[in-house]
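What follows is a single structure, written as C-alpha cells, with notes after it.
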Amino acid sequence: MQPGDDRPPGGRPDPLGNVPDAVYRLDPDGRFAYVNAAAEKMLGRTAEELIGRAAVEEFPALRGSLAQEQYQQVLEDGRSREFQYFYEPSSRWFEVRIFPDPAGAAVLFRDIDGRRRSDEERENQLRGLSAVLEALPSPTVLVGPDGRILSANGAWARSGVEVLPGPAWPGRPGEDYLTAMTRGLGARPHAELTEGLRELLSETSRSDGRSFSLDYSADSPRGTVWFHLRATRVDHGGRVVITHTDVTEQVRAREELEWKVRHDDLTGLPNRSRLLELTGEALAEAGRTDGALLMLDLDGFKTINDSLGHQIGDELLRQVAGRLSEEIRPGDTVARLGGDQFVVLAHGCDASEAAALAFRLQTVFALPFQVGAITVPLSASIGVAVARPEVTDAHHLLSDADAAMFAAKSSGRDRVHLFSPSLREAARWRLEVATRLRGDAIGELVVHYQPVVRLDTGRIDGVEALVRWQHPERGLLPPDTFLSVAEETGQIIPITRWLLRETTRKAAEWAAEGFRLRMSVNISARHFSAETLVRDVRVALQQSGLPADQLVLELTETSVAEDPTRAEDQLSVLRSFGVRVAIDDFGTGWSSLAQLFSLPIGTLKIDRSLLAAAERVAAGDTGAVLAAIVGLTRTLGIRSVAEGIETPEHLRMVRAAGCDLAQGWLLGHPMSADRLIDWVRQIQQAGGDVCALAEAGRAVPVSG
Ligand code: C2E
Ligand code: MG
Ligand code: MG
C-alpha cells in the first residue's frame, strides 16, 4: 500500500487513507490490524509489513513504555486516552490518542516535536521572564498578544490586598488584563490604558521596546493611592510587560510642597500668594464687585512677642487664626500675610456689610487669650476695602485694605477704617516720603526749637528740638507727615543721628554766646532696637563739646514699653554719662506706672490731652488727676513738664497742680534757631519771666 492510496487490501475504500494524522488499529493482543498511509510514513514501514505483527515486537522501545501502559488501560476500562509521548529511538515527541473499539483500539498519533519544543522554549522563556518580574518590587504583569495575563509577580498578587478590597483583585494568569483593571481604575484612565495597550499590541515586528505610561489614582482602604503605570513591549511575539509603581508617597510629598507654597506654616491658613490668587478669582468672576478684603493688624503685638517670648507669640497667632476662622462664613477665607497681619476675604458683601463684618471680627478679641497660665488681651486695627468696578487686580484691592488698615492704626488701637481714595493718596505720599528720605531729603530737614519754661520763676529752662521738612514743592512739613514713614523704613535712625549732632552743636554754640539752654531731643523706639543710641549720643556730645547734663532725650512711654529691659539697659548707660531722660506724651500710652518709674528717668512730660481732660472733667478745678501725677513725680524726685499750654487758664491749672516746667503756644511757639535767639533776647530785655509776660498777654510768640 502506497501513501495516499485510499484502498485497503480487499478493494474496500479506506476512509482514513487521506487523513493527515497517522492512524492504526491494534487488536486486543496488541497486533496491528490496520495502518493508514500517514502512519506508514511515520512508522517507516508498510502496512503489509506490520499487519498481524505485535506492536511491541516491531517497535521494542514501546515495551513497558507510557504508550503501552495507556493502551493496556484503554483495553481494561474501555475509556479513551490522550497523552504526549516521547519516543526515544527517534527522539521526538508525539501526541497520542487511543480510542477503544470492539476489536481492540484505534490509535491516532501526530508528530508534535516541533510544537512541543517551541512550547518548551517559550515556557523556559516565560519562566525566565517571570523570575525577572518576580525580582521587580512593583506589581508587574506580563501580558500576551491576546491581552491575557501570562504571568504576574508576587507584588502584583499582593497589590490586591494592599490596594483594593475584594477577592477579585488583582487579575490572575489567564485572565484578561484589561478586564482585571476595570476593578481598580476609573473609566477615563481605563479608556486611556485600553487605547495605549491596543496600540502596543497592534504594532507587529520591530516594535520591541516601545512603551507608554499612565498615571492614575485609586481608592483604597488606606486612602487614595497613586500609581505610575508603564507598559513596554518586550518581544516580536507581542508580549508586554506592565509595571504599576506606587508613587503615593512622591505624590503626597509633592502635594504637601504645593500646599506649603500656598499656606502659612504657623497657622495653616492660606498665605499671601494664595490669598491673592483667591482674590483674583473673586474679582475675575464676571460682574462681581461685591467682595471685600478686611486686613487685621494686631495692636502692639511686637511688644507682646518681645516680652512674652516667641513661643507664646506663635501660640497667640494660632489662637487668633482659629477664632477668626470660626467667625467667618463658609466660603469666605482667612489668610495670614505674615507677622501679626491677617486678611479676611469676604464674598458677596457691600461696604456696610463689610463694615459689619469688621465689627464682628473685633468681637473675636473681646475675650482675652489664654496661653498656659498667661492671659493676654489683644485687639486689632482693621482696614476694609470693598471691590469696586475699577479694581480688577487683587494686589490693588489688598493695597487698598492695607492703606485702610494703616489709617485705622494711626487713629488708635482697636479701630476699623474703610478705604477711601484719599487713603490711596496718603499711601502714595508715604511711598514718596520713603523714597525721598532714602535719597537726599535728609538735607532738607530743619529744626525748630520750642521754649521750655520754669513755672516758679518764668525763666527759660531750655528748648525742645522739633524737626520739620522744608519740602521743595510742598513747603514746610510738620513731623507727623513724614516721621511715621521714617520709623517704618528705619530712616529715623540716620535722621536722629543727624539731629543729635545738629542740636548739640547748636546748644554748645548758644552756650558760648551766653545762652545756656538745655536741649531736648525726641528719640524714637526704633533707635533702642537698633542699639546705636548710646554711641550716637556719645559721638554728638564729643563732637559738640556740650556737657552731657545739657542734653535731654525724650522718649514716648510706648516706645519704652515696647522693650523695657532693653530700654533700661541703654538708658542706664546714658544716665551714667550724665544725660537726662524724659518720658514724653505721658498719659497717651498704657504702660504700667510701676514699670515706667523703675526706669532711670529724670523728667515726665505730661501730654496736653491730659490737660484738656482735666479741664473738661473739673472746670475750674485744679484737676485731681494732674495733681496726683505731679505728686507722684515729686515723691520720686522726677521733674514734671506740662505740655500744650495754650491759655492762661492752662497755665493756672498746671501751676496749681505743682508742675515744674511748661511748654506751649502761650509761652512760645517752635521757632527757627535764629528767631529763637532773638526771642530769648527780647524776653531777657522784658525781665525774663515768660509766664508773667504771657499772662499779661505780652509774651512774644514768634511762630514758624
Ligand atoms: P512732642 O515731642 O510731644 O512735641 C510737642 C508737639 O506739640 C510739637 O508738635 C509741638 O509743636 C506741639 N505743641 C507745642 N505746644 C503746643 C500747644 O500749645 N498746643 C498744641 N496743640 N501743640 C503744641 P510737632 O512739632 O508737630 O511734633 C509732633 C511730634 O512729632 C512730637 O511730639 C514728637 O513726638 C515728634 N517729633 C518732632 N520732632 C521729632 C524728632 O526730631 N524726632 C522724633 N523722633 N520725633 C519728633
Ligand atoms: Mg517731645
Ligand atoms: Mg509730647
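The values are calculated or read from the model by the stated rules, or taken from the named source; none is laboratory data. None of these values were measured; they are calculated from a predicted model. Using ideal geometry, Cβ is built from the backbone for each residue, glycine included, and neighbour counts are taken over all protein chains shown.
When each of Glu258, Glu315, Glu249 is tested for being under 19 Å from the mean Cα position of the chain (by Cα), of a type outside the set (Lys, Arg) and either at pLDDT 90 or above or in the same structural domain as Val371 (by TED's automatic domain parsing) (or both), the lone residue that passes is Glu315.
Scanning the stretch 439-464 for residues that are farther than 12 Å from Gln663 by Cα and either assigned to a strand (DSSP E or B) or not assigned by TED's automatic domain parsing to the domain that holds Trp679 (or both) yields Leu445, Val446, Val447, His448.
Of all positions in the stretch 14-21, at least one carries a residue that is over 60 Å from the mean Cα position of the chain (by Cα), of a type outside the set (Asp, Glu) and under 30 Å from Gly237 (Cα atoms). Filtering the stretch 508-523 to residues that are away from ligand 2 (no atom under 16 Å from the Cβ) and crowded, with 20+ Cβ neighbours inside 10 Å leaves only Trp510. Residues considered: Thr565, Thr556. Of these, the only one that is closer than 15 Å to Ser524 by Cβ, among the polar types (S, T, N, Q) and at pLDDT below 90 is Thr556. Of all positions in the stretch 536-554, none carries a residue that is closer than 21 Å to Ile638 by Cβ, touching an Asp or Glu at 6+ places or on another chain (Cβ under 8 Å) and either more than 16 Å from ligand 2 (Cβ to nearest atom) or among the aromatic types (Phe, Trp, Tyr) (or both).
For beta carbons closer than 7 Å, sequence separation of 6+ or different chains, a first residue in the stretch 515-536 that is touching a residue at least 40 places away in the same chain (Cβ under 8 Å) and closer than 26 Å to Val680 by Cα and a second that is small (Gly, Ala, Ser) and within 13 Å of ligand 2 (Cβ to nearest atom), the qualifying pairs are Leu517/Gly462; Arg518/Gly462; Met519/Gly462; Met519/Ala465; Ser520/Gly462; Ser520/Ala465; Ser520/Ala582; Val521/Ala465.
A search for C-beta distances below 8 Å between a residue of the stretch 636-660 that is away from ligand 1 (no atom under 16 Å from the Cβ) and any residue that is among the small types (Gly, Ala, Ser) and in a strand (DSSP E or B), counting only pairs 6+ apart in sequence or on different chains, returns Ala657/Ala642; Gly658/Ser640; Asp660/Ser640.
Summed over the stretch 566-609, residues that are closer than 21 Å to Gly664 by Cβ, under 44 Å from the mean Cα position of the chain (by Cα) and of a type in the set (Ser, Thr, Tyr) total 1. Could you go through the stretch 187-200 and let me know if any residue there is closer than 20 Å to Ala152 by Cα, modelled with pLDDT under 85 and either surrounded by fewer than 16 Cβ atoms within 10 Å (Cβ to Cβ) or within 41 Å of the chain's Cα centre (by Cα) (or both). Taking every residue of the stretch 187-200 in turn, none turns out to be closer than 20 Å to Ala152 by Cα, modelled with pLDDT under 85 and either surrounded by fewer than 16 Cβ atoms within 10 Å (Cβ to Cβ) or within 41 Å of the chain's Cα centre (by Cα) (or both). Residues of the stretch 232-252 being of a type outside the set (Val, Ile, Thr) and part of a loop (DSSP other than H, G, I, E, B), which ones? Once the filter is applied, which keeps residues that are of a type outside the set (Val, Ile, Thr) and part of a loop (DSSP other than H, G, I, E, B), the stretch 232-252 yields Asp235, His236, Gly237, Gly238, Arg239. Taking the stretch 253-270 as the region of interest, how many residues are touching a residue at least 12 places away in the same chain (Cβ under 8 Å), in a helix (DSSP H, G or I) and of a type in the set (D, E, K, R)? Of the residues in that region, 1 qualify.
Between Leu229, Leu278, the distinction of being in a helix (DSSP H, G or I) and not charged (D, E, K, R) belongs to Leu278 only. Note on the stretch 328-352: residues that are out of contact with any Leu (no Cβ under 9 Å at 6 or more places or on another chain), in contact (Cβ under 8 Å) with a residue 40 or more places away in the chain and closer than 16 Å to Phe419 by Cβ total 1. Kindly indicate whether any position in the stretch 594-606 is in a helix (DSSP H, G or I), within 16 Å of ligand 3 (Cβ to nearest atom) and either modelled with pLDDT under 95 or crowded, with 18+ Cβ neighbours inside 10 Å (or both). Yes: the stretch 594-606 contains one or more residues that are in a helix (DSSP H, G or I), within 16 Å of ligand 3 (Cβ to nearest atom) and either modelled with pLDDT under 95 or crowded, with 18+ Cβ neighbours inside 10 Å (or both).
Listed by first and then second residue, the pairs linking a residue in the stretch 354-372 that is in the same structural domain as Glu326 (by TED's automatic domain parsing) to a residue that is part of a loop (DSSP other than H, G, I, E, B), with Cβ atoms under 6 Å apart and 6 or more places separating them unless they lie on different chains, are Phe365/Leu378; Phe365/Ser379; Pro368/Pro377; Phe369/Leu378.
Looking at the stretch 542-565, is at least one residue within 45 Å of the chain's Cα centre (by Cα), in a helix (DSSP H, G or I) and away from ligand 1 (no atom under 16 Å from the Cβ)? Within the stretch 542-565, one or more residues are within 45 Å of the chain's Cα centre (by Cα), in a helix (DSSP H, G or I) and away from ligand 1 (no atom under 16 Å from the Cβ). Note on the stretch 465-491: among residues that are assigned to a strand (DSSP E or B) and more than 30 Å from Arg655 (Cα to Cα), the one that is nearest to ligand 1 (Cβ to nearest atom) is Arg468.
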